[in-house]
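Input: a single structure, listed below in C-alpha cells.
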Amino acid sequence: MTTEERSISVGAARSGLAAKFIALFCLVAAATVSTATATDFQSLAEQGYRWVRVNGPYATPNKSDAPRLAGAKSAATDIELQDKAHAYFILPGMLVFVLENDTAAGLSRVRASGIVVDLWTETKYLSASPLKDSYGVTETPDSSGLGYLGTPTPSPTPDASAVPGASPILGISPH
C-alpha cells in the first residue's frame, strides 16, 4: 500500500467516525430538547387549567343561564335558547382557566382565550386530564393564548362617573 492510499483510508475512517459522532450528538440533543420542552400537564391542572370535553354552545356569561343550556335537550340546535343565553361555543380540547367553582350548582366560571368575558359552564364539561383539540394538539397556556395566569385577582371596575363628562358607555371624554 502506498503512502497516498494509506492516507486516503485513514481520512475515510476519520470521516466515518466524525459522521457517527455528529449523528450521536444530534440524537442526544433531540432527546434533551424533547424532554426539556415537555409540558407538565398535572402542574397545569393544579394551577386551575382545564380542557373542555364537549362541543357546543355550553358556556355563557350569565351563571343562571348555564344550567338551562346544559339541561336543554336541543341546546346545540336551539338558536333561540343560544341567543337568549348569549351562548358561546366551547370545543373539545380547548384550554380554559377556572376562576371559580360553585360545587353546589356544579358550575365553573372560566376564562378562555379570545373571549373577552368570563364564562359559566358545567364543571362536568371540563377535564383535569389533557385532551387533544380537533387538530390533534394538546393546548397549553402558551399555545392557546391564555399565558400563565396563576391565581386570579379581581380587577377594579372602571367608574365612568369619576371622570367629569365621560361617556359611561365608551369611557371617553367629549373634550
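For this structure, a couple of remarks:
- 3J(HN,Hα) along region 113-119, derived from phi through the Karplus expression 6.51 cos²θ - 1.76 cosθ + 1.60 where θ = phi - 60°, amounts to 5, x, 10, 7, 10, 6, 10 Hz, with x in place of Gly and Pro.
- Considering only Cα atoms, the convex hull volume of region 79-130 works out to 94 Å³ per residue.
- From phi via Karplus (6.51, -1.76, 1.60), per-residue ³J(HN,Hα) for region 95-112 in Hz, x at Gly/Pro: 8, 10, 10, 7, 9, 7, 10, 10, 5, 5, 8, x, 10, 10, 9, 10, 10, 10
- Computed over neighbours whose Cβ is under 14 Å from that of Gly147, the net charge equals -1, Lys and Arg +1, Asp and Glu -1.
Bear in mind that the values in this text are calculations on the coordinates, not laboratory data. As the structure is a prediction and not an experimental result, all values here were calculated from the model. All Cβ positions, glycine included, derive from the backbone under ideal geometry; neighbour counts span all protein chains shown.
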